[in-house]
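Participant: Supplied in structure tokens, the structure appears directly below.
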Amino acid sequence: MTAITAAEPTATPGPDPPLAEARRGYGADLWRAVGRNRKALAGVILLVFFLVLAIFPGQIAPHDPQAEDYLPGLGPSSHHWFGTTAYGQDVLSQLIWGTRQSVIIAFGVGGLATLLAVLIGVSAAYLGGLADGVLSLLTDVLLVIPIFPLIIVIAAYEKNSGLFTLVIVLGALGWSYGARQLRSQTLSLRTRDFLESARVRGERKLYVIVCEILPTMTSLIVATFLGGALYAVLAAAGLQFIGLGDPNSQSWGTMLYWAENNEALGANMVLWAIMPGICVAALGAAFALLNYAFDEISNPALRMRRLDRPIKPVRDEPAPVVPSADDRILEVRGLTVAYATDDAPVVAVDNVDFDIGRGEFLGIVGESGCGKSTLLYAITRLLGPPFAGQIMEGEILFHGRDLVSLDERQLRHIRWREFSVVMQSAMNALNPVLTIAAQMRDACKAHSNMSAKEIEERSREVLRLVSIDPVHLHSYPHQLSGGMRQRAMIAMALLFTPDLVIMDEPTSALDVVAQRSLMVQIKELQRRLGFAVVFVTHDMSLISHFSDRVLVMYAAQVAEFGDTRQIFEQPRHPYTRALLEAFPSIHGPNVRLTGIPGSPPDLARPPAGCRFSPRCPHAMPRCREAVPPLYDVEGDLVRCVLYDKGAVPEQTLVEAS
Amino acid sequence: MRFVLRRLGFFVVTLWAAVTLNFLIPRLMPGNAALAMMSRYKGRIQPQAMHAIEIAFGIHTHQSLVAAYFTYLGNIVRGHFGISLTFFPDAVSHQVLQALPWTLGLVGLTTILAFLLGTFIGLVAAWRRGGLLDGALPPIFVITSAFPYFWLALLAIWFFSIKLGWVPESGGYDVQTTVGWSWTFVGDVLRHSLLPAFTILITSIGGWILTMRNNTISVLAEDYVRMARAKGLKPWRIMWTYAGRNAILPNLAGFAMSLGFVVSGAILVEFVFNYPGVGWMFLQSVENQDYALMQALFLLLTVAVLVAILVADGATAILDPRTRDRS
């Protein structure tokens, strides 16, 4: 069963569910993503180009790279594209033959370093205890000791070391950075459910590591390889350039060494000195570009996605104030919000209307992923990563001004003075590096000319309002308890006693007792100070006790909207009914709790017709034909064809409820 | 306090590891390079120089390996690095101290400048997401970060010194100017450092820009940045104290980590420019088989990275109250 009140406070709507889903079948997605990323594509093309040169130098190079057959120091010509060296060798042919060594070094060192990094990093994290201590210390020490000088020291004793030695030494010293990252990633995975279940199943450690852990770290392993390859290409070229490689080997670094020794740049053999460097840079760039692209692919936040349709054009002059009929302070009309994804846009808030009066307490309720939080951030105009949605249509009339048409600068003047926001987790919503006092000061300075003393006074005052001892004013967020942090955030929201406070599950991170007392306090303050509250939650019991009206959301749409008393006494929408049946009543008789079978639909592919119909016990063929409109039933708005008076007699409704 | 102790312990272990590597590497090389070197020089050089090599390798003919190791450790702890063969009979420590200011001035200042500048550019690029800066910079700096330092140095010399003749092509100062605190000398030193500094700046700044940009993008998705917007703060205020202040923290850790990389690049840049700093001296010592000097310089480079980590730790403690409470 799907319990509605189950603790799922961190579930967020919107695309890109993190790691868990990306776990299996990652490979195929990865390659598709590489094809779409221009940087990755450029990297792949460069890499393939050099691979071809490295494999078939004999077929491609026009001349023998070592033969000193030509005039020394020739300029570029059709016969010698890049001229000749001071020894009369063809520069182009040397470049082509030199590719092989760089490619071998890149792949050899990258592979070896990655292998060691995986072995050491993953086993350190997985074994834990003493093994972890020793391996981590080793990793950290190697990370700090400057590798390149160390390699020079080694090369100093063993001059003219061959390719094999170079690969071994570079690989054996270059794994530490990757190992460190892999270790912390494994540590963070260790307590995940899928690993717990593998442990419970009694799988062997090796199996767990190879089949369960490694696939989740594909992107990190790829990054380790690419980083190692880049570092190897540069380090090897550097070593050969200063003469610590085999001077007779065919490599770009050795070419640079001879070019420098013959003062090629001064002696008009510029290409001899420039081209090998360009090759090193290009091969390095191939790895760097791929590395960067993988970073972008594995971290969706780094990618930019845009919807074609912009929000309403911003007006230059202040938005005209539309006189409001009564004491409505916020009226939302036809609000539609969509997220850009790699595929079609996802509509997370679909044509939502509601309003709220002065001093009113409006609850918005629904399962996780139904668009509640998106709605809330849309009406506060705070959409942005990770809620990177855009308002596609609709009006948000606040005190008669349409917030949708205001720009950031115009919004800034209204914010916090006229409406403030309280977020789900104060731990995340308070800046961890500033004291509570500093964060309150920021808000005060942005909107008033209060003196430092007045700010301090006001901050203490609002802390007292939420029963926090003002001694905590100069504490950092992490020094306060969870309940206190949450109260401090509410205190901050009351600095200017705004007309409207918008709360996104402000109590769901707290335990039940703290939750209760905080809710009572919020309600008390609301009565005393007279602000209106929009309160988002998935907890029906909070709604029933504290809100005046309730808006039930399902799959981005309003399912039911009306007076709290009326809805709790007579829930009309089958979804509302199911929600009420899924939570226990404190006062009522003992009844068996039932969950709602199934789960909310994927907003990228909403079901046809009524979105609740796949889970609805009363569903009929008609439900799947079209999205039902909102029917007005005794002032209660219900999106369900059961209330279409023309079709169904009234009696069945009462029986059904 | 525990944190500080652990950190100190780590520094000691790292230094010990560097010293031990100095001792072990010549012995572990095929054919025991240390012994080979000793027998090669025996009778060919002055006894004083011979002694220098003995100290560098920790070889006293009648000592067991373990005893030799402890004698070696004892010498290092007392700052007894032996005598330089290149600058015979000058003490290694004296030579190192002469080269150090040049490197601190050039590499130290340039690295800090690159870090600050790169961090700032990265922050602004991420803040103006999708803007010109953000669109153009990442691809450019991904590519420049793959440039070999020394090659860029060669190009810079070719273009600015040989072609244009704007700046001197090598050295730390003109040998004809008198060394001292005169305007001409200081100006001359600055003129000589311009090109190497430019090379280091260009190649190292890309990394800072990219990591800071990516850090900032992650931080911009944090609730506290949204909260700052909700509070109606001015954009620059949000950028500095909410986004930047938090995004720089991982960059500081990264600064310490990638300093080894910068040091490597700087060695090659000093080499190309014949700049009289630690890196140039290091390669000189390798070329002249001046092992006592080489070992001391390797140790110095390790210490330099450790000091940088210490500085980064300090900066992190200042900027992040959470680490302060932990220590």
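Participant: Sort out which residues of the stretch A:456-486 are free of Cβ contacts under 8 Å to residues at least 24 places away in the same chain, buried (at least 20 other Cβ atoms within 10 Å of the Cβ) and either among the β-branched types (V, I, T) or farther than 17 Å from A:S425 by Cβ (or both), and write them in order of number.
Facilitator: Matches in the stretch A:456-486: A:I468 only.
Participant: Might you check whether a residue that is surrounded by fewer than 14 Cβ atoms within 10 Å (Cβ to Cβ) and at pLDDT 85 or above occurs anywhere in the stretch B:30-47?
Facilitator: Checked the stretch B:30-47: no residue is surrounded by fewer than 14 Cβ atoms within 10 Å (Cβ to Cβ) and at pLDDT 85 or above.
Participant: Please specify each residue of the stretch A:396-425 satisfying the condition of being of a type in the set (F, W, Y) and more than 12 Å from every other protein chain (Cβ to nearest Cβ).
Facilitator: A:F398
Participant: On to the next question. Out of the residues in the stretch A:265-294 meeting the condition of being at the interface with chain B (Cβ under 9 Å from one of its Cβ atoms) and at pLDDT below 80, tell me which one is most open to solvent (accessible area, probe 1.4 Å).
Facilitator: That would be A:G266.
Participant: Something else: Looking only at the stretch B:267-276, filter to residues that are more than 10 Å from chain A (Cβ to nearest Cβ) and either in a helix (DSSP H, G or I) or not aromatic (F, W, Y) (or both); which one of those is most open to solvent (accessible area, probe 1.4 Å)?
Facilitator: Here the residue is B:N274.
Participant: Can I ask one more? Return the only residue of B:N288, B:N246 being polar (S, T, N, Q) and surrounded by fewer than 23 Cβ atoms within 10 Å (Cβ to Cβ).
Facilitator: B:N288
Participant: Confirm whether B:D320 is modelled with pLDDT of 85 or more, out of contact with any Gly (no Cβ under 6 Å at 6 or more places or on another chain), open to solvent by 10 Å² or more (accessible area, probe 1.4 Å) and facing another protein chain (nearest Cβ under 10 Å).
Facilitator: yes
Participant: Contact list please: Cβ distance under 6 Å, first residue in the stretch B:221-232 and facing another protein chain (nearest Cβ under 7 Å), second residue of a type in the set (K, R) and surrounded by fewer than 24 Cβ atoms within 10 Å (Cβ to Cβ), pairs at least six apart or on different chains.
Facilitator: If the second residue must be of a type in the set (K, R) and surrounded by fewer than 24 Cβ atoms within 10 Å (Cβ to Cβ), the pairs left are B:G232/A:R412.
Participant: Can you tell me which of (1) more than 14 Å from chain B (Cβ to nearest Cβ); (2) of a type in the set (F, W, Y); (3) within 26 Å of A:A429 (Cα to Cα) is the one A:F354 doesn't meet?
Facilitator: Checking A:F354 against (1) more than 14 Å from chain B (Cβ to nearest Cβ); (2) of a type in the set (F, W, Y); (3) within 26 Å of A:A429 (Cα to Cα), the one that fails is (3).
Participant: Moving on. Could you tell me whether the stretch A:112-129 includes any residue that is out of contact with any helix residue (DSSP H, G or I) (no Cβ under 9 Å at 6 or more places or on another chain) and not hydrophobic (A, V, I, L, M, F, W, C)?
Facilitator: yes
Participant: Which residues, counting only those in the stretch A:194-235, are touching a residue at least 40 places away in the same chain (Cβ under 8 Å) and of a type outside the set (A, V, I, L, M, F, W, C)?
Facilitator: Of everything in the stretch A:194-235, those that are touching a residue at least 40 places away in the same chain (Cβ under 8 Å) and of a type outside the set (A, V, I, L, M, F, W, C) turn out to be A:K205, A:P215, A:T216, A:T218, A:S219, A:T224, A:G227, A:G228, A:Y231.
Participant: Another question, then. Of the numbered conditions (1) in a helix (DSSP H, G or I); (2) among the polar types (S, T, N, Q); (3) open to solvent by less than 40 Å² (accessible area, probe 1.4 Å), A:S188 fails exactly one; give the number of that condition.
Facilitator: Failed condition: (3).
Participant: Sticking with this one: Suppose we filter the stretch B:291-309 for residues that are of a type in the set (V, I, T) and open to solvent by 10 Å² or more (accessible area, probe 1.4 Å); how many remain?
Facilitator: Matching residues across the stretch B:291-309 total 2.
Participant: Checking A:D246 against (1) open to solvent by less than 40 Å² (accessible area, probe 1.4 Å); (2) closer than 19 Å to A:L163 by Cβ, which single condition isn't satisfied?
Facilitator: (1)
The values are calculated or read from the model by the stated rules, or taken from the named source; none is laboratory data. Model, not experiment: these values are computed from the prediction. With ideal geometry, Cβ positions are generated from the backbone for all residues, glycine too; neighbour counts draw on all protein chains shown. Side chains included, ligands, DNA and RNA excluded: accessible areas come from the protein's heavy atoms. Shrake-Rupley method; radii C 1.70, N 1.55, O 1.52, S 1.80 Å.
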